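Undergrad: Handing you a structure now.
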Amino acid sequence: LSNSAGEHLFHEGPPGHKGLSSLRALDNEATTFSVKTMPLDDLLADEFAVNLIKIDVEGAEQLVVDGMRRLLTRQKPHIVIEVTDNYLAAFGHNAVALCRSLCDMGYRMYCIEDEVLIPMEPEYAATITQYNALFTWKDVPAVRRH
């Protein structure tokens, strides 16, 4: 998924680290190949119900979010997104802008840390190296595992 339909070079992560595969260039990539991209807004029919979206695309998160704005506005699904400011920079984006774009749409941001949801403001999005965040339209009380 991306913000536009097209073809992009995909960089496969090295053996044992395929989870690092990305549209961004990698230091120790195994191989590259061309992939087709498209916005989620173009892929799903309007009547297709979406309740939760997980985004972990090694830096291309802003591109994915930009390509699903119609769905986010219309259906307001919960979003779990991996935030890595350093990876976002490879695309000319940053964690604060990514998180601000979702909060500006009405989402609330929570940092997922162990078994706790911590309310977080977008201005602090780049203060942690890498983390998962929950974006939701609902107030979520901080939850601790007993």
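The values are calculated or read from the model by the stated rules, or taken from the named source; none is laboratory data. This structure is a prediction, so every number in the text was calculated from the model and none was measured. A quick note on method: Cβ atoms are made from the backbone with ideal geometry, for glycine too, and the neighbour counts reach across all protein chains shown. The area values use the complete protein model at the heavy-atom level, side chains included, leaving out ligands, DNA and RNA. Shrake-Rupley method; radii C 1.70, N 1.55, O 1.52, S 1.80 Å.
Undergrad: Identify the chymotrypsin sites (Phe, Trp or Tyr not before Pro) of region 92-146 meeting these criteria: DSSP loop state and at most 14 other C-beta atoms within 10 Å of the C-beta. Could you put the intermediate results ahead of the total?
TA: On the way: sites: Y107, Y110, Y124, Y131, F135, W137; in loops: Y107, W137.
Here the chymotrypsin sites (Phe, Trp or Tyr not before Pro) that fit, given the DSSP loop and packing criteria, are W137.
Undergrad: Quick one: how many Å² of L52 are accessible to a 1.4 Å probe, rounded to 10?
TA: The accessible area comes out at roughly 110 Å².
Undergrad: Continuing with the same structure: Student exercise: in the chain, how many lysine pairs 8 or more apart or on different chains have Cα atoms under 26 Å apart?
TA: Total qualifying Lys-Lys pairs in the chain comes to 6.
Undergrad: Assuming 0.36 nm per residue, please report the length gained on full extension of the stretch V50 to K138 beyond their Cα-Cα distance.
TA: On the way: separation 88, 0.36 × 88 = 31.68 nm, distance 1.58 nm.
Length gained, V50 through K138: 30.1 nm.
Undergrad: Once a ≥ b ≥ c are taken as the square roots of the eigenvalues of the Cα gyration tensor of region 1-47, is the result rounded (a/c under 1.5), prolate (a/b larger than b/c) or oblate (a/b not larger than b/c)?
TA: Values: a/c = 3.68, a/b = 2.36, b/c = 1.56.
Because a/c hits 1.5 or more and a/b exceeds b/c, region 1-47 counts as prolate.
Undergrad: For the chain, rounded, prolate or oblate, judged on the Cα gyration tensor with a ≥ b ≥ c (square roots of eigenvalues), a/c < 1.5 rounded, else prolate if a/b > b/c?
TA: Details: a/c = 1.90, a/b = 1.26, b/c = 1.51.
It is oblate, given that a/c is not under 1.5 and a/b is not larger than b/c.
Undergrad: Can you tell me the accessible area per residue over the chain, all protein chains present, probe 1.4 angstrom, in square angstrom?
TA: 56 Å²
Undergrad: If you don't mind, there's one more thing I want to ask. Antiparallel versus total DSSP beta bridges in region 40-123: what percent is that, nearest 5?
TA: On the way: 4 of 8 bridges.
About 50 percent, rounded to the nearest 5.
Undergrad: As a test of the formula, what do you get for the chain when each DSSP H run with n ≥ 4 contributes -39,500 (n - 2.57) and the sum is divided by the residue count, at 222 nm and rounded to the nearest 500 deg cm²/dmol?
TA: Numbers: 5 runs with 31 residues, N = 146.
Helices in the chain give a 222 nm mean residue ellipticity of -5000 deg cm²/dmol.
Undergrad: In whole percent, and with a 1.4 Å probe on the protein chains, what portion of the accessible area of the chain is carbon and sulfur?
TA: Details: 4320 of 8170 Å².
Result for the chain: 53 percent of the exposed heavy-atom area is carbon or sulfur.
Undergrad: How many nm is it between the label spots at V116 and V35, if each spot is 7 Å from the Cα in line with the beta carbon?
TA: Placing both labels 7 Å beyond Cα along the Cβ direction yields 3.5 nm.
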